[in-house]
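Here's the structure, in structure tokens; my notes come after.
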Amino acid sequence: MISKKMQEALNGQINSEFYSAYLYLSMVAYFESINLPGFANWMRVQTQEEHIHTMKIYDYVNERNGRVTLKSIAEPPSEWESPLAAFEAAYQHEQKVTGLVNGLINLAIEEKDHAANMFLQWFVNEQVEEENSAETVVQKLKLIADAPGGRYMLDSEMAQRVFTPPAVEGEK
Ligand code: FEO
């Protein structure tokens, strides 16, 4: 079983993960609009990752005999000043999500819900990766700031990212 409080908190996280997918999908459209298909591809893969995160929590709530309830998803921004501004926003967003995951774990500890605590550890590791991947692109964009052709080269690199679904449920 799952407590009502934990159920509500996990439903909130489902909404946050949906929002992440929505935000990155909006960034896909932004990068397409400024002719950076590689950046758009990177963000498309990111959107797919967020969908996996969402469904992981969704399935967990069901598995614990909880009840998933879906709320409205907030409208994401649709324009950014530059690719760097978009990736800085993505990095900030991931830091915010890390804070939300930590808050869920604090609740699990408070409620002595060891199952939820263990389940959420996957997200702790995932957030290390999520923050790192966005921040790496921020650093690359800063490095190429004034280099002619740098953005084009980075776009080609970003085009290589492929979505790899977790091989086994619960693992990645
Ligand atoms: Fe689901 Fe990017 O955190």
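Where a number appears in this text, it was derived from the coordinates with a stated rule and is not lab data. What you see is a predicted model, and the numbers here were worked out from it, not measured in a lab. We place every Cβ from the backbone using ideal geometry, glycine too, and count neighbours over all the protein chains shown.
Would you please give the FRET efficiency between E157 and N35, computed as 1/(1 + (r/R0)^6) with r the Cβ-Cβ distance and R0 = 22 Å, to the nearest 0.05?
0.85
Compute, for the chain, the length of the dipole vector about the Cα centre, with Cβ point charges of +1 (Lys, Arg) and -1 (Asp, Glu) only. Units Debye, rounded to 20.
In debye, rounded to 20, the chain gives about 300.
For the stretch 1-127, what is the number of Lys pairs with C-alpha distance below 20 angstrom, counting only pairs 8 or more positions apart or on separate chains?
Value for the stretch 1-127: 9.
Compute the signed sum of charges (Lys and Arg +1, Asp and Glu -1) over the other residues within less than 9 Å, Cβ to Cβ, of E94.
-2
From the backbone phi of the stretch 94-102, what are the Karplus-calculated ³J(HN,Hα) couplings (6.51 cos²θ - 1.76 cosθ + 1.60, θ = phi - 60°) in whole Hz, Gly and Pro given as x?
In residue order, the calculated couplings are 5, 5, 5, 5, 4, x, 5, 4, 4 Hz.
For M118 and N65, FRET efficiency with R0 = 30 Å and r from the beta-carbon atoms, rounded to 0.05?
With a Förster radius of 30 Å, E is 0.95.
What is the sum of charges, Lys and Arg at +1 and Asp and Glu at -1, for the other residues whose Cβ falls under 12 Å from the Cβ of I105?
-3
Multiply the residue separation of N102 and E8 by 0.36 nm, subtract the distance between their alpha-carbon atoms, and state the gained length in nm to one decimal.
Extending this stretch completely gives an extra 32.3 nm.
Taking only Cα atoms, what is the 0 to 90° angle, nearest 10, from helix 114-143's long axis to the longest principal axis of the chain?
Tilt relative to the chain: about 10 degrees.
Against the longest principal axis of the chain, how steep is helix 37-63, in degrees 0 to 90 to the nearest 10, with axes from Cα atoms?
0 degrees
At A145 and A85, where each label point lies 7 Å from the Cα along Cα→Cβ, what is the point-to-point distance in nanometres?
So the label points at A145 and A85 sit 1.6 nm apart.
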